[in-house]
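Notes to accompany the following structure.
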Amino acid sequence: MDRILLILPTTTYRARAFMEAASSLNIEVVVGSEKRQALAGLVPGTTLDFDLHKSESALKKIVKFAREKSIKAIIGVDEESVVLAATASEALALPCNPLPAVRATRDKYEMRQRLAEGGLSSPEAWLFSTDQNLKEISKKVSYPCVLKPTFLSASRGVIRANDKREFVQAFSEIADLLSDRKTARQGGESAKQILVEDYIPGNEVALEGILLDGKLKLLALFDKPDPLQGPYFQETIYTTPSQLPSKLQEEIVNITQKAANAIGLHTGPLHAELRFNDFGIYVIEIAARSIGGCCSRLLRFNNGISLEELILRHALGQDIRRFEREELAAGVMMIPTPQAGILKEVNGIDAARVVAGVEDIIISIPFGQKVEVLPRSSRYLGFIFARGKSPEFVEEAIRAAYAKLKIVIE
């Protein structure tokens with residue numbers, strides 16, 4: 001039986017989906033995470049606990065385990081775990097992307113430099129230290145611009161500034177976020193830096209793909225019908241298949257392939273965010289992982305297999321070229337958090353679930369817990385999933401379901 005190591009941060013939404021996929025493929029799974037698993041004593045040899053942010057000690061644990069029990073593949077399922085997965089895979093001579101390439105996807109400034117060197121359209125970018133003089137650096141950038149941490153994901157800490165006053169305010173807000181103990185530990189030296197980029201106007205799409213010996217296989221192209229103009233960039237609705245002209249879709253795929261080449265990625269899942277306008281197509285971000293949150297539930301392939309199963313098949317060396325996304329349109333809403341506070345209840349869920357086309361509604365934060373809003377928020381409040389005959393139908397279903405929800409936050 002094949003054995004794989006899944007590196008699963010305790011904050012991930014993806015654990016169940018990957019475990020179910022492994023079970024359907026009859027794969028033995030070893031779970032690596034920050035905390036000792038509850039069943040570790042009952043099922044020895046199936047879990048590893050290590051600190052994701054102490055890569056040397058984590059690597060030693062993984063290598064020691066692999067010498068005792070062979071591992072065929074190591075998969076980092078979320079943004080936090082991809083670098084450790086690549087490091088361990090290199091150490092064990094397992095198939096993986098080059099470590100410098102994976103690191104570049106985790107450092108937005110380095111990523112921006114590689115994309116520019118690769119000849120892709122790219123906004124001008126500046127990297128500043130959090131302790132620099134704000135009045136001085138506010139004179140060095142052009143407006144409007146976007147400020148962001150170099151290592152966080154899910155739009156966390158991303159703020160648009162239209163002038164010097166907004167720049168100073170946004171810079172201070174991000175610096176405060178990065179000074180949080182947990183965030184600072186996660187980012188290390190990167191938590192002392194803030195990236196500033198020219199703001200790119202236009203529509204935005206997300207691309208889900210998988211690299212097969214360097215060639216990008218498109219899995220889905222998502223439209224984002226809600227405008228993302230700032231000052232914060234809260235993701236809401238994704239729908240697929242894309243309704244963009246076929247020629248533009250082809251260009252987006254080609255640009256993403258060139259971006260992967262410029263970064264140095266050649267194998268495994270890939271998720272990219274791109275913007276386009278009259279001047280071209282711009283890669284906003286590219287990641288060496290699959291889509292985040294619970295959004296992978298949108299994607300079904302031949303015989304209903306999941307995105308996670310597709311990823312596992314590829315990691316085990318199986319040929320997945322024949323797998324294509326189902327014909328039905330699909331969509332998801334990452335439910336917006338209307339305000340910060342304590343989540344007390346969400347009313348109207350039953351009424352929302354019976355809206356035609358809606359498949360499921362998940363509230364992912366337990367009642368009684370604190371919720372935050374962007375730019376500080378690190379968790380989605382929940383998800384609305386829909387499927388149907390067309391992207392328009394799916395979008396209407398999602399909006400109708402959301403309208404029935406009453407979110408109570410104190």
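A short reminder: the numbers here are calculations on the coordinates, not readings from a lab. Nothing here was measured: the structure is a model prediction, and the numbers come from that model. Ideal geometry is used to build each Cβ from the backbone, glycine not excepted, and the neighbour counts take in all protein chains shown.
Any idea what the dipole of the chain comes to, in debye rounded to 20, about its Cα centre with Lys/Arg Cβ at +1 and Asp/Glu Cβ at -1?
Approximately 800 debye in magnitude.
Which order do peptides 280-289, 182-191 fall in by mean Cβ count within 10 Å, highest first?
Top to bottom by mean Cβ count within 10 Å: 280-289, 182-191.
Please report, to one decimal in angstroms, the Kirkwood hydrodynamic radius of the range 97-144 built from all distinct Cα-Cα pairs.
Every distinct Cα pair counted, the radius reaches 12.6 Å.
Hand me the trypsin sites (Lys or Arg not before Pro) from the range 311-389 located in a DSSP loop with no more than 12 other Cβ atoms within 10 Å, in residue order please. Walk me through the numbers before you get to the answer.
On the way: sites: ARG313, ARG321, ARG322, ARG325, LYS344, ARG353, LYS370, ARG376, ARG379, ARG387, LYS389; in loops: ARG321, ARG322, ARG376, ARG379, LYS389.
Passing both the DSSP loop test and the Cβ count: ARG321, ARG322, LYS389.
Could you give the dipole magnitude of the range 94-223 about its Cα centre, charging the beta-carbon of Lys and Arg +1 and that of Asp and Glu -1, in debye to the nearest 20?
Here the size comes out at about 280 debye.
Can you work out D for the range 124-198 in µm² s⁻¹ from Stokes-Einstein, where Rh is the Kirkwood radius over C-alpha pairs, the temperature is 37 °C and the viscosity is 0.692 mPa s?
272
Tabulate in residue order the Karplus-calculated ³J(HN,Hα) for the range 224-233, using 6.51 cos²θ - 1.76 cosθ + 1.60 with θ = phi - 60°, rounded to whole Hz; enter x for Gly and Pro.
10, x, 8, x, 10, 10, x, x, 10, 10
Using amide H atoms built 1.01 Å from N in the peptide plane, name the residues 5+ places from THR150, or on other chains, whose amide H lies under 5 Å from its own.
LEU195
Count neighbours as other Cβ atoms within 10 Å of each site's Cβ, and list the GluC sites (Glu not before Pro) in the range 202-240 that are DSSP loop with at most 15 such neighbours.
Here no GluC sites (Glu not before Pro) fit, given the DSSP loop and packing criteria.
With no solvent and one point per C-alpha, what does the Debye sum give as log10 I(q)/I(0) for the range 55-141 at q = 0.11, 0.16, 0.18, 0.24 Å⁻¹?
-0.47, -0.75, -0.84, -1.13
Which entries of LYS148/LYS404; LYS60/LYS108; LYS108/LYS224; LYS54/LYS217; LYS60/LYS217; LYS258/LYS404 show an alpha-carbon separation above 31 angstrom in the structure shown?
Pairs exceeding 31 Å: LYS148/LYS404; LYS54/LYS217; LYS60/LYS217; LYS258/LYS404.
To the nearest whole percent, what portion of all C-alpha pairs in the range 3-103 is separated by more than 20 angstrom? Display every interim value, and only then the final one.
Details: 1567 of 5050 pairs.
Counting every Cα pair in the range 3-103, those more than 20 Å apart make up 31 percent.
Could you pull out every residue, at least 5 positions away or on a different chain, whose amide H is within less than 5 Å of the one on GLY382? Hs are placed 1.01 Å off N in the peptide plane, and Pro or chain starts have none.
It is ILE335, SER364, by chain and number.
Under the classification rounded if a/c is under 1.5, otherwise prolate if a/b is larger than b/c and oblate if not, where does the range 252-297 fall, given a ≥ b ≥ c as square roots of the Cα gyration tensor eigenvalues? Provide the component values of the computation, followed by the final result.
Working: a/c = 2.70, a/b = 1.31, b/c = 2.06.
It is oblate, given that a/c is not under 1.5 and a/b is not larger than b/c.
Once each part is reduced to its C-alpha centroid, what is the distance from the range 287-318 to the range 95-140 in angstrom?
Computed from Cα coordinates, the inter-centre distance equals 29 Å.
Quick one: Cα convex hull volume of the range 328-410, Å³ per residue? Present the calculation step by step, with values, prior to reporting the outcome.
Values: hull volume 6.8 nm³, N = 83.
It is 82 Å³ per residue.
What residues have an amide H closer than 5 Å to that of ARG300, excluding those fewer than 5 places away on the same chain, when H is modeled at 1.01 Å from N in the peptide plane?
For ARG300, the qualifying residues are GLU326.
Just name one of LEU99, THR12, VAL30: the one whose Cα is farthest towards the positive end of the charge dipole of the range 1-126 (beta-carbon charges, Lys/Arg +1, Asp/Glu -1).
VAL30
Assign one of three labels to the chain, namely rounded, prolate or oblate, based on the Cα gyration tensor with a ≥ b ≥ c the square roots of its eigenvalues; rounded applies when a/c is under 1.5, prolate when it is not and a/b is larger than b/c, and oblate otherwise.
Rounded, because the longest to shortest axis ratio a/c is under 1.5.
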